[in-house]
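*Asks:* Once you've had a glance at the structure underneath, I'll fire off some questions.
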Amino acid sequence: TEDDMYMIPRTFAAQQNNDECVLFNHSCEPNCGFDTGDGNTIVASRDIAVGEELTYDYHFLETEPSLIRGLECKCETPSCVGRLMFDRYRDEEFQKRHYDHMSPYLQARVRELKTKW
């Protein structure tokens, strides 16, 4: 959630999967994202069909130092990026399309890109 700080579910050490994030897979064309109100609530970013898998783009959470950088994407969507390098927040088109559903950490990184340089 910050530079060199990562969110790990509090149940991770006990190997329990009662954290809601484990219910969501990655997709390069997600149907969910984060609510801009608190940054922790997951909301639908489009209509979701009954039985459709819930997904969000892992790029909404992390930047290049991610612990899972280089992970092979298997979403098989037309816009699949192949490998998750966590640099998509730098792309203006990605920002325009997904800014409202990024985590507060990523939104801050995007704002820095526009003001620092």
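Matching residues to (1) closer than 26 Å to residue 93 by Cβ; (2) of a type in the set (S, T, N, Q); (3) modelled with pLDDT of 70 or more:
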site	(1), (2), (3)
15	no, yes, no
23	no, no, no
28	yes, no, yes
33	yes, no, yes
42	yes, no, yes
46	yes, no, yes
56	yes, no, yes
59	yes, no, yes
62	yes, no, yes
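*Asks:* Right, another one. I'm trying to understand the selection: among the residues of the range 41-52, which are loosely packed, with under 13 Cβ neighbours inside 10 Å, more than 18 Å from residue 96 (Cα to Cα) and not small (Gly, Ala, Ser)?
*Replies:* Passing the criteria: 41, 47, 50, 52.
*Asks:* Go through the range 53-106 and count every residue that is in contact with a Ser or Thr (Cβ under 8 Å, 6 or more places away or on another chain), within 12 Å of residue 30 (Cβ to Cβ) and among the hydrophobic types (A, V, I, L, M, F, W, C).
*Replies:* Going through the range 53-106 one residue at a time, the tally reaches 3.
*Asks:* Under 8 Å by Cβ, and 6 or more places apart or on different chains, what pairs join a residue from the range 92-117 that is more than 21 Å from residue 56 (Cα to Cα) with one that is surrounded by 12 or more Cβ atoms within 10 Å (Cβ to Cβ) and not basic (Lys, Arg)?
*Replies:* Cβ pairs passing all conditions: 113/89.
*Asks:* Still on this structure, I have one more. If we keep just the residues of the range 31-84 that are among the aromatic types (Phe, Trp, Tyr) and not in a helix (DSSP H, G or I), which is nearest to the chain's Cα centre (by Cα)? Even if it seems obvious, please write down each step before you answer.
*Replies:* At the first step, the residues of the range 31-84 found to be among the aromatic types (Phe, Trp, Tyr) are 34, 56, 58, 60.
Now restrict to residues that are not in a helix (DSSP H, G or I): 34, 56.
Details: 34: 8, 56: 6 Å.
Within the range 31-84, the match that is nearest to the chain's Cα centre (by Cα) is 56.
*Asks:* Just for the range 73-91: of the residues that are charged (D, E, K, R) and touching a residue at least 12 places away in the same chain (Cβ under 8 Å), which one is surrounded by the most Cβ atoms within 10 Å (Cβ to Cβ)?
*Replies:* Restricting attention to the range 73-91, the residues satisfying the condition of being charged (D, E, K, R) are 74, 76, 83, 87-88, 90-91.
The next check asks that each one be touching a residue at least 12 places away in the same chain (Cβ under 8 Å); those that pass are 83, 87-88, 90.
Numbers: 83: 11, 87: 14, 88: 20, 90: 13.
Result: 88.
*Asks:* I would also like to ask the following. What's the number of the condition residue 90 fails, among (1) over 24 Å from residue 114 (Cα atoms); (2) at pLDDT 85 or above; (3) over 12 Å from the mean Cα position of the chain (by Cα)?
*Replies:* Only one criterion in (1) over 24 Å from residue 114 (Cα atoms); (2) at pLDDT 85 or above; (3) over 12 Å from the mean Cα position of the chain (by Cα) is unmet by residue 90, namely (1).
The values are calculated or read from the model by the stated rules, or taken from the named source; none is laboratory data. Treat the numbers as computed from the prediction; the structure is a model and nothing was measured. Don't worry about glycine lacking a Cβ; one is built from the backbone with ideal geometry, like all the others, and counts go over all protein chains shown.
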